[in-house]
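Below: one structure, written as structure tokens.
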Amino acid sequence: MRSYKNIAVIGAGLMGCGLAQAFAYCKDMKVMLQSRATPADEVFKRIDSNLKPLLDKGVFTQAEADEIKSRIHPINNMAEAVKDADFVIECVAEDMEIKQNLFRDLEALTSRECVYATNTSVMSPTEIAQKMTHKDRLVGAHFWNPPYLIPLVEVVKAAETSEEVMDYSMEIFRRIEKRPIRVNKDVPGFVANRLQHALWREAISIVERGIADAATVDEAIKSSFGMRLPQLSPMENSDMVGLDLTLQIHSYILKYIESSTEPSPLLKEKVAKGELGFKANGNGWQQWTPETMAASKKNLSEYLIKVIYGK
Ligand SMILES: NC(=O)c1ccc[n+]([C@@H]2O[C@H](COP(=O)([O-])OP(=O)(O)OC[C@H]3O[C@@H](n4cnc5c(N)ncnc54)[C@H](O)[C@@H]3O)[C@@H](O)[C@H]2O)c1
């Protein structure tokens, strides 16, 4: 019988700190956060700043926040961080060789029962497992930013992942009150990013063709199907309106929808000119001001807390 108690998170960057926090919400878990470069006080500064809006909205009391933090143990030494681990998840740089070498080395430092997960955004978990001896013990576990709020975890079955390790991984994420989904095949983009970028490709294409400007594209989504998506997503929606109607609509419209397998020329042009969005003084698809950029981030955080915690 596997245990769900000792968690090790490797890499204390944006995702690593957020993941340590998400696991520490569970009273029965102890989280070792392996940090190569970030000192413990920096880790807790980041976690405090993640927790602040949750405290402000009354999701947690200060005592609960302190308890969550008491379950997180930043540590520099890798062997110490993982020696008792039941489950290790890595959040290091998105670099194939770094991830492959990390899992190869972890096998020598962990128990024979330990389950391993990679939080890679886009790389193949099958390829990441290539230097391991026990490839059956690794899954993809794709969290979404901010991982201490967004419920989805895509649990990806790599070529050699065992069913038992898939089941265990699904259960560990249920225990931290996430909503894990099972992804049966290791494909680029897993499930959610394939869906998301199908929509982004069309959104950019609409702007590029001059059909509507960027703000209008976002408004069209926010005021229509975007509102009902959390309750009514495409497959359920198709069942509701009828597969016959879905077929009629697709028979007419698919030939007009963007199908390019290359990034949009307009996107390439804007990137080449340095029009990168918020990180370029707000110059992107739209021109943002410091105030509208701050409002965009605040509105997102408040919206997520409201839909997830009802506060
Ligand atoms: N940022 C996102 O929205 C997001 C979402 C889902 C998944 N991811 C994935 O999560 C991983 C981490 O992303 P991030 O945004 O937290 O990056 P980040 O740069 O904020 O953090 C990476 C951390 O890993 C550390 N690190 C790098 N190499 C290491 C090594 N060999 N051993 C130990 N630590 C090492 C770095 O010092 C840094 O603290 C990436 O694989 C990324 O693709 C990111």
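Points to keep in mind about this one:
- The lone criterion from (1) part of a loop (DSSP other than H, G, I, E, B); (2) closer than 30 Å to Gly58 by Cβ; (3) among the polar types (S, T, N, Q); (4) touching a residue at least 12 places away in the same chain (Cβ under 8 Å) left unmet by Ser301 is number (1).
- Subset of the range 1-14 that is surrounded by fewer than 22 Cβ atoms within 10 Å (Cβ to Cβ) and near the ligand (Cβ under 6 Å from one of its atoms) - its residue that is farthest from the chain's Cα centre (by Cα): Gly13
- Total residues in the range 152-172, condition crowded, with 17+ Cβ neighbours inside 10 Å and within 14 Å of the ligand (Cβ to nearest atom): 4
- Cβ pairs under 6 Å, 6+ apart, first in the range 119-147 and touching a residue at least 40 places away in the same chain (Cβ under 8 Å), second of a type in the set (S, T, N, Q) and within 13 Å of the ligand (Cβ to nearest atom): Pro125/Thr118; Gly140/Thr118; Ala141/Asn119; Phe143/Asn119
- For Ala20, the requirement of being without any contact (Cβ under 8 Å) to a residue 40 or more places away in the chain, among the hydrophobic types (A, V, I, L, M, F, W, C) and either touching a helix residue (DSSP H, G or I) at 6+ places or on another chain (Cβ under 8 Å) or loosely packed, with under 15 Cβ neighbours inside 10 Å (or both) is not met.
- Checking Lys69 against (1) in a helix (DSSP H, G or I); (2) more than 28 Å from Val156 (Cα to Cα); (3) out of contact with any Phe, Trp or Tyr (no Cβ under 9 Å at 6 or more places or on another chain), the condition it does not meet: (3)
- Yes/no for Ile221 being more than 16 Å from Leu195 (Cβ to Cβ) and either part of a helix (DSSP H, G or I) or of a type in the set (Lys, Arg) (or both): no
- Scan the range 99-137 for residues that are of a type in the set (Lys, Arg), buried (at least 16 other Cβ atoms within 10 Å of the Cβ) and under 20 Å from Asn77 (Cα atoms) and the total you get is 1.
- Residues considered: Phe103, Phe44, Phe87, Phe23. Of these, the only one that is within 12 Å of the ligand (Cβ to nearest atom), of a type outside the set (Ser, Thr, Tyr) and in the same structural domain as Lys157 (by TED's automatic domain parsing) is Phe103.
- Cross-chain or 6+ apart pairs with Cβ under 9 Å, the range 272-285 first and among the charged types (D, E, K, R), then assigned to a helix (DSSP H, G or I): Glu275/Glu269
The values are calculated or read from the model by the stated rules, or taken from the named source; none is laboratory data. Note that the structure is predicted; figures quoted are calculated from it, not measured. Please note: Cβ atoms are built from the backbone with ideal geometry, for glycine as well, and neighbour counts cover all protein chains shown.
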